[in-house]
1. Could you tell me whether any residue of the stretch 137-146 is assigned to a helix (DSSP H, G or I), at pLDDT 95 or above and over 29 Å from residue 176 (Cβ atoms)?
2. Conditions: (1) of a type outside the set (Ser, Thr, Tyr); (2) under 30 Å from residue 261 (Cβ atoms); (3) out of contact with any helix residue (DSSP H, G or I) (no Cβ under 9 Å at 6 or more places or on another chain); (4) buried (at least 18 other Cβ atoms within 10 Å of the Cβ). Residue 177 meets all but one. Number of the miss?
3. For the stretch 37-59, check the following and say yes or no: at least one residue is at pLDDT 95 or above and small (Gly, Ala, Ser).
4. Consider only pairs whose beta carbons are under 8 Å apart and that are at least six residues apart or on different chains; among these, list those whose first residue lies in the stretch 59-74 and is in contact (Cβ under 8 Å) with a residue 60 or more places away in the chain and whose second residue is surrounded by 17 or more Cβ atoms within 10 Å (Cβ to Cβ) and in a loop (DSSP other than H, G, I, E, B).
5. Hey, any hits in the stretch 18-30 for a residue that's under 20 Å from residue 128 (Cα atoms) and under 20 Å from the mean Cα position of the chain (by Cα)?
6. Being part of a loop (DSSP other than H, G, I, E, B) and in contact (Cβ under 8 Å) with a residue 60 or more places away in the chain is the filter here, so list the residues in the stretch 79-103 that pass it.
7. When you check residue 106 against the structure, is it of a type outside the set (Asp, Glu), in contact with an Asp or Glu (Cβ under 7 Å, 6 or more places away or on another chain), modelled with pLDDT of 95 or more and not in a helix (DSSP H, G or I), yes or no?
8. So, in the stretch 11-49, exactly how many residues are touching a strand residue (DSSP E or B) at 6+ places or on another chain (Cβ under 7 Å), within 15 Å of residue 80 (Cα to Cα) and surrounded by fewer than 17 Cβ atoms within 10 Å (Cβ to Cβ)?
Amino acid sequence: MSKNTLETYRSEYAEQIARLTDLRDRRIEQAFAAIPREDFLPPPPWTTISAGIAVQTHDIAGIYDNVLVAIDQGRGINNGEPALHAAWLEAVGPQPGETVIHVGAGTGYYTAIQARLVEPGGHVEAFEFEADLAAKAEQNLSGYSNVTVHAGSAFGRPLPEADVIYVNAGVMAPDVEWLKALRPGGRLIFPWQPRKGWGPAVLVRRLSGGFSAKSLMTVGFISCSGAAEKRSKHNFTEADLAGVQSIWLREDRSPDQTAIAVYDQIWFSSAKPGP
């Protein structure tokens, strides 16, 4: 297949994603158009998944669509839905010169897109717990000088200071070290799945008076490997999940009457953070 044909596929794919998500940041569209998705996938035949229907294809055009592509069907690991990731990337807005921590990097496709978004001068620290995926990510990202791949968990360990923390695996609660690693103005996005399986994507910002939080779309992600099991000390409804407005470290502030979900080290509140 010619280089021009592949570039056309990627360009049309990026335009599709931009339409589906009503992208305002054209840099994200350009990144999807530039990064070869096939470089981060198993060899063909590929298994694409859309609306729960799996289709096998040898045609590279099939992966340049808003579909999941299987990485390991047995473990339920896939390459992720491009439009969802485009929306998340716009929500956290990685900028040139910034540092991103990518939790659950898989084989590195969205790591590569983030690496492009923080050029020039930015860096991505990519963490992947599954050893085989981490090895594949390191191989796939070997040409990206601004990416460092870590084979291991991003839970329960001090992390580098970051402007963006981007979590690609469902968690019952965010790790306290993620919040501590955020620089002033830093953004964290993660799939909050307090009951497992499905839950809201939550966007967190570090402000001078605490951490703001906002529930975005409902998502389903495979649970984060290497995470300690955490249970909330509160019962909550779907409306409670949607009503979160801040997250607090318990070492900074004890839970009060606004608490929605309380964990060992953090808690979610229905009140806005202070000024």
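The values are calculated or read from the model by the stated rules, or taken from the named source; none is laboratory data. Keep in mind the model is a prediction, meaning the values are calculated, not measured. All Cβ positions, glycine included, derive from the backbone under ideal geometry; neighbour counts span all protein chains shown.
1. Yes.
2. Looking at each condition in turn, residue 177 falls short on (4).
3. No, the stretch 37-59 has no match at all.
4. Close Cβ pairs satisfying both conditions: 71/41; 71/79; 71/106; 71/107.
5. no
6. Of everything in the stretch 79-103, those that are part of a loop (DSSP other than H, G, I, E, B) and in contact (Cβ under 8 Å) with a residue 60 or more places away in the chain turn out to be 80, 93, 94, 95, 98.
7. yes
8. 2
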